[in-house]
Amino acid sequence: IAGRAAAEALQRLQDQDVCALFSAFNSSTGSNSGPLTQTLFINGVTQLNIDNIPTDRRVAVLHAKQWQALLPVFDDANTFGAQGAEIIASGAVGTLYGVLIFETNNVQTATVSTSTVYAGAIMHPTAIGLGKKGSMPMMEAERFASKRLTQLVATGVWGEVEYRGQATTNGRGGAGVFFYSNTTN
């Protein structure tokens, strides 16, 4: 149980570190005054197309409140057929417009025009690099005889990097789009 709890805690920290990179992506779309919309989602996908980012393995990483704002748009079984019915039945979705959706509360907030927004992303996996050293978690027990306790310490070593491609003559830009919203309720 301790190992599982430690692994989950370290994974949460790693996810938060990766999500913190989103607000620095080259491209951005969103709303600093309201929730995400289908149009904003399509704008994010279109920006990746403009930047010549491959269409395979694209992902959207959204805070639960961001996904909540988009869900009613995409759960219409009359419009989206089987996928809309699946969203209604399970509350989960696979892909929208070729983008695999991930919902996580590890998405951070950022400031856009003095507004606090959720800092999600639509990206290709090459937008973020992650390197790990050793296995996670590394567990060690420290014994404190005078206090009559044993403390379990879990550590992990990783580093993350963001790909920051600049727009060039062939139009290639960054592999990710900062996808933000002011959905705070």
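Just so it is clear, none of the values below were taken in a lab; they were calculated from the coordinates. Note that the structure is a prediction, hence the values are computed from the model and not measured. Positions of Cβ are generated from backbone atoms using ideal geometry, with glycine treated the same way; all protein chains shown enter the neighbour counts.
Observations on the structure shown:
- Fully extended contour minus Cα-Cα distance, from Thr155 to Val73, at 0.36 nm per residue: 25.4 nm
- Charge sum, other residues only, whose C-beta stays under 13 Å from Val45's C-beta, Lys/Arg counted +1 and Asp/Glu -1: 0
- Modelled spin-label separation between Ala64 and Gln108, with each label point placed 7 Å from Cα along the Cα-to-Cβ direction: 2.1 nm.
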